[in-house]
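Participant: My questions will all concern the structure given below.
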């Protein structure tokens with residue numbers, strides 16, 4: 001159940017990443033729940049397509065933000081684990 | 001007094017549409033009004049579609065397709081599809097009766113995001129008796145299977161009261177067995193049909209507390225497998241619930257015939273004029289309809305709400321309940337321990353919970369006079 005380098009995170013059916021244009025923010029829509037996500041989290045979630053594994057996601061972000069992979073991985077795993085516990089992310 | 005222009009209200013988050021009041025079940029706690037709206041006067045397909053588009057443009061994110069039984073509408077697939085294409089997250093709130101495998105597949109295809117299925121009891125006998133519909137148990141279970149097979153997330157909704165409170169543990173097992181991602185254990189809220197049946201539904205306080213403990217234990221045990229949401233019976237609460245998230249703050253309800261309401265029971269409050277979506281856009285209703293502005297914010301509040309530091313947490317509680325139990329919709333919801341009427345309603349609830357009354361008035365179009 002741990003999220004590791006081979007995990008392929010994805011949003012399950014019934015969970016949607018949506019740009020809320022009226023409020024100018026990103027949201028994760030789930031049954032009876034709305035999670036506000038910041039722009040960075042939205043970028044991560046856009047990469048969670050069930051195809052890329054965590055390693056690929058981290059590599060992509062490390063390049064995009066020009067930051068060390070180890071730091072990014074730690075943040076991304078914490079964020080994904082939190083969403084997984086809320087049942088709005090599958091791995 | 002200086003005239004001033006109020007800033008426009010923050011946009012609504014959710015739109016709850018009662019597509020029809022037709023329903024095969026006869027639940028004695030139904031949240032629909034006692035005066036159910038007639039099928040012949042329901043909005044047509046095109047008007048509902050326009051409403052969905054207006055809701056999305058206004059900022060609503062979720063649409064709850066409810067009723068009555070929403071799938072009693074022949075255009076339910078077309079409406080779901082349009083709501084989804086408008087950018088709304090679509091939630092079907094259903095009894096599961098009459099929703100076969102084919103229709104469920106069509107709804108999934110149309111973009112339905114989530115289905116919420118009610119159970120009236122956690123076994124066949126209790127379920128069929130309290131829903132007043134023989135054979136509903138098998139149909140509901142079959143529908144749950146169609147939903148999960150189609151890959152859609154499923155929520156089981158169980159409204160709890162004295163006649164089924166002992167089944168909370170069984171409801172949790174049922175939700176797990178049916179593959180639900182979420183379970184709502186909703187203690188009955190006493191409006192409409194439930195208020196008429198209150199003496200037969202009100203649970204004893206100790207049993208309510210047991211049910212809360214049971215849910216808390218299950219939440220810990222099933223973390224990551226099942227999310228359990230619980231609505232507490234507010235007569236026994238310390239603070240009131242912010243009804244509908246605060247009047248005119250989060251949600252818009254639209255009745256089958258197109259009346260826009262700040263909450264499903266709002267029509268019980270006299271003197272409010274509710275605009276119809278046939279005549280006004282949802283945006284105009286949200287901003288300008290005096291009924292939506294009547295209890296928005298905190299200006300309307302009396303004491304003890306007015307100076308309460310929770311006035312923007314619970315927004316004074318529920319206006320309809322304040323009216324029903326104190327005679328004035330501006331009063332604090334007597335569910336709040338600060339309300340001067342609180343002790344009286346707790347005493348009423350306690351007495352009714354011990355009344356031994358079992359006779360239920362089943363929801364129906366026929367207006368029966370209470371014996």
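The values are calculated or read from the model by the stated rules, or taken from the named source; none is laboratory data. Remember, it's a predicted structure, so these values are computed and weren't measured experimentally. Cβ: placed from backbone, ideal geometry, glycine included. Neighbour counts: every protein chain shown.
Participant: On the basis of being away from chain A (no Cβ under 14 Å) and modelled with pLDDT under 95, does residue B:20 make the cut? Walk me through how you get there before you give the answer.
Facilitator: Numbers: away from chain A (no Cβ under 14 Å): yes; modelled with pLDDT under 95: no.
It is false that residue B:20 is away from chain A (no Cβ under 14 Å) and modelled with pLDDT under 95.
Quick grid of which residues meet (1) surrounded by fewer than 12 Cβ atoms within 10 Å (Cβ to Cβ); (2) in contact with a strand residue (DSSP E or B) (Cβ under 7 Å, 6 or more places away or on another chain); (3) closer than 24 Å to residue B:229 by Cβ:
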{"site": "A:17", "(1), (2), (3)": "no, yes, yes"}
{"site": "A:21", "(1), (2), (3)": "yes, no, no"}
{"site": "A:30", "(1), (2), (3)": "no, no, yes"}
{"site": "A:62", "(1), (2), (3)": "no, no, no"}
{"site": "A:66", "(1), (2), (3)": "yes, no, no"}
{"site": "A:73", "(1), (2), (3)": "no, no, no"}
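Participant: Checking residue B:352 against (1) under 30 Å from residue B:206 (Cβ atoms); (2) touching a helix residue (DSSP H, G or I) at 6+ places or on another chain (Cβ under 6 Å); (3) assigned to a loop (DSSP other than H, G, I, E, B), only one condition comes out false. Which one?
Facilitator: If we test residue B:352 against (1) under 30 Å from residue B:206 (Cβ atoms); (2) touching a helix residue (DSSP H, G or I) at 6+ places or on another chain (Cβ under 6 Å); (3) assigned to a loop (DSSP other than H, G, I, E, B), just (3) comes out false.
Participant: Taking the stretch B:84-113, which residues are without any contact (Cβ under 8 Å) to a residue 60 or more places away in the chain, part of a loop (DSSP other than H, G, I, E, B) and away from chain A (no Cβ under 14 Å)? Spell out how you get there, then give the answer.
Facilitator: Taking the stretch B:84-113 first, the residues without any contact (Cβ under 8 Å) to a residue 60 or more places away in the chain are B:84-87, B:89-92, B:94, B:96, B:99-113.
Restricting the remaining residues to those that are part of a loop (DSSP other than H, G, I, E, B) gives B:86-87, B:96, B:99-100, B:110-113.
Listed by number, the residues that qualify are B:96, B:99, B:100.
Participant: Can you report the number of residues in the stretch B:123-149 which are within 20 Å of the chain's Cα centre (by Cα) and farther than 17 Å from residue B:92 by Cα? First the steps, then the outcome.
Facilitator: Kept after step one, since they are within 20 Å of the chain's Cα centre (by Cα), are these residues of the stretch B:123-149: B:127, B:130-132, B:140.
Retained after the next criterion (residues that are farther than 17 Å from residue B:92 by Cα): B:127, B:130-132.
Residues meeting the conditions: 4.
Participant: Just to be sure before I move on: is residue B:279 outside any loop (DSSP other than H, G, I, E, B) and surrounded by fewer than 20 Cβ atoms within 10 Å (Cβ to Cβ) in the structure I sent?
Facilitator: Working: outside any loop (DSSP other than H, G, I, E, B): no; surrounded by fewer than 20 Cβ atoms within 10 Å (Cβ to Cβ): yes.
For residue B:279, the condition - outside any loop (DSSP other than H, G, I, E, B) and surrounded by fewer than 20 Cβ atoms within 10 Å (Cβ to Cβ) - is not met.
Participant: Yes or no: the stretch B:1-10 includes at least one residue that is buried (at least 19 other Cβ atoms within 10 Å of the Cβ), touching a residue at least 24 places away in the same chain (Cβ under 8 Å) and either more than 14 Å from chain A (Cβ to nearest Cβ) or more than 26 Å from residue B:99 (Cβ to Cβ) (or both).
Facilitator: For the stretch B:1-10, residues buried (at least 19 other Cβ atoms within 10 Å of the Cβ), touching a residue at least 24 places away in the same chain (Cβ under 8 Å) and either more than 14 Å from chain A (Cβ to nearest Cβ) or more than 26 Å from residue B:99 (Cβ to Cβ) (or both): absent.
Participant: Taking the stretch B:49-63, which residues are within 23 Å of residue B:157 (Cβ to Cβ) and surrounded by fewer than 23 Cβ atoms within 10 Å (Cβ to Cβ)?
Facilitator: Once the filter is applied, which keeps residues that are within 23 Å of residue B:157 (Cβ to Cβ) and surrounded by fewer than 23 Cβ atoms within 10 Å (Cβ to Cβ), the stretch B:49-63 yields only B:61.
Participant: Restricted to the stretch B:262-276, and to residues that are touching a strand residue (DSSP E or B) at 6+ places or on another chain (Cβ under 8 Å) and part of a loop (DSSP other than H, G, I, E, B), which residue is surrounded by the most Cβ atoms within 10 Å (Cβ to Cβ)? Explain how you work it out, then say what you get.
Facilitator: Of the stretch B:262-276, the ones touching a strand residue (DSSP E or B) at 6+ places or on another chain (Cβ under 8 Å) are B:262-264, B:266-267, B:274-276.
Subset that is part of a loop (DSSP other than H, G, I, E, B): B:262-264, B:274-275.
Numbers: B:262: 31, B:263: 24, B:264: 22, B:274: 20, B:275: 20.
Top of the filtered list is B:262.
Participant: Next question, about the same structure. Just one of the numbered conditions (1) more than 30 Å from residue B:169 (Cβ to Cβ); (2) within 14 Å of chain A (Cβ to nearest Cβ) is not true of residue B:296; which one?
Facilitator: For residue B:296, the exception is condition (2).
Participant: Among the residues of the stretch A:76-91, which ones are part of a loop (DSSP other than H, G, I, E, B), under 15 Å from residue B:226 (Cα atoms) and either out of contact with any strand residue (DSSP E or B) (no Cβ under 8 Å at 6 or more places or on another chain) or more than 10 Å from every other protein chain (Cβ to nearest Cβ) (or both)?
Facilitator: Looking only at the stretch A:76-91, we keep the residues that are part of a loop (DSSP other than H, G, I, E, B), and these are A:86-89, A:91.
If we keep only those that are under 15 Å from residue B:226 (Cα atoms) too, we end up with A:86-89.
Listed by number, the list holds a single entry, A:89.
Participant: Scan the stretch B:172-184 for residues that are crowded, with 24+ Cβ neighbours inside 10 Å and either within 16 Å of the chain's Cα centre (by Cα) or under 24 Å from residue B:234 (Cβ atoms) (or both) and jot them down. I'd like the intermediate steps shown before the answer.
Facilitator: As a first pass, look at the stretch B:172-184 and keep what is crowded, with 24+ Cβ neighbours inside 10 Å: B:172, B:175, B:180, B:183.
Listed by number, the residues that qualify are B:172, B:175, B:183.
Participant: Would you check if residue B:366 is surrounded by 13 or more Cβ atoms within 10 Å (Cβ to Cβ), free of Cβ contacts under 8 Å to residues at least 60 places away in the same chain and part of a loop (DSSP other than H, G, I, E, B)? Explain how you work it out, then say what you get.
Facilitator: On the way: surrounded by 13 or more Cβ atoms within 10 Å (Cβ to Cβ): no; free of Cβ contacts under 8 Å to residues at least 60 places away in the same chain: yes; part of a loop (DSSP other than H, G, I, E, B): yes.
So residue B:366 fails the test.
Participant: Continuing with this model, one more query. Where residues in the stretch B:224-252 are part of a helix (DSSP H, G or I) and touching a strand residue (DSSP E or B) at 6+ places or on another chain (Cβ under 7 Å), which of them is surrounded by the fewest Cβ atoms within 10 Å (Cβ to Cβ)? Walk me through it before giving the result.
Facilitator: Quick first cut of the stretch B:224-252, residues part of a helix (DSSP H, G or I) only: B:234-236, B:243-245.
Filter once more, keeping what is touching a strand residue (DSSP E or B) at 6+ places or on another chain (Cβ under 7 Å): B:244-245.
Numbers: B:244: 24, B:245: 15.
Ranking the candidates gives B:245 first.
Participant: Then there's this: Among the residues of the stretch B:50-68, is any in a loop (DSSP other than H, G, I, E, B), within 28 Å of residue B:193 (Cα to Cα) and either within 14 Å of chain A (Cβ to nearest Cβ) or within 20 Å of the chain's Cα centre (by Cα) (or both)?
Facilitator: Applying the first criterion (in a loop (DSSP other than H, G, I, E, B)) to the stretch B:50-68 yields B:59-61, B:67-68.
Now restrict to residues that are within 28 Å of residue B:193 (Cα to Cα): B:67-68.
Checking which are either within 14 Å of chain A (Cβ to nearest Cβ) or within 20 Å of the chain's Cα centre (by Cα) (or both) leaves us with B:67-68.
Yes, the stretch B:50-68 has at least one match.
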